[in-house]
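No value in this document is a laboratory result; all are computed from the given coordinates. Owing to the predicted nature of the structure, the values given are computational and were not obtained by experimental measurement. Here the Cβ is made from the backbone with ideal geometry for all residues, glycine too, and neighbour counts use every protein chain on show.
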Amino acid sequence: MAPLIVREIFDIMGRIRDEAGVSILLVEQNASLALEFAEDAYLLETGRIVIAGRASEISKDEGIRRSYLGY
């Protein structure tokens with residue numbers, strides 16, 4: 001999808017989460033955007049969880065950023 005539409009969908013999901021107190025299970029290939037949105041994150045590799053934790057901590061990890069996020 002177009003980046004603007006994706007951002008709008010994430011904004012809508014964030015409002016639903018925050019205003020209605022609804023939990024959301026998000027599966028997204030844009031890892032940077034998903035980590036921005038999530039509180040907790042699970043990194044899957046060939047169908048297995050290889051990393052789990054707070055999204056804010058995972059996004060700060062240098063090794064994860066280089067290997068999975070491309071920066």
Within the range 43-71, the residues that are within 10 Å of the chain's Cα centre (by Cα) and in a strand (DSSP E or B) are LEU43
Log entry, pairs with first residue in the range 5-18 being more than 15 Å from ASN30 (Cβ to Cβ), second being among the polar types (S, T, N, Q), beta carbons closer than 9 Å, six or more apart or on different chains, reads ARG17/SER23
Flagged in the range 23-42 as polar (S, T, N, Q) and in a helix (DSSP H, G or I), in numbering order, are SER32
Examine the range 27-35 for a residue that is out of contact with any Gly (no Cβ under 8 Å at 6 or more places or on another chain), loosely packed, with under 10 Cβ neighbours inside 10 Å, on the phi > 0 side of the Ramachandran plot and not aromatic (Phe, Trp, Tyr), and state whether such a residue exists. no
Checked the range 35-55 for anything touching a residue at least 12 places away in the same chain (Cβ under 8 Å) and closer than 25 Å to PRO3 by Cβ; matches are LEU35, GLU36, PHE37, ALA38, GLU39, ASP40, ALA41, LEU43, ALA55
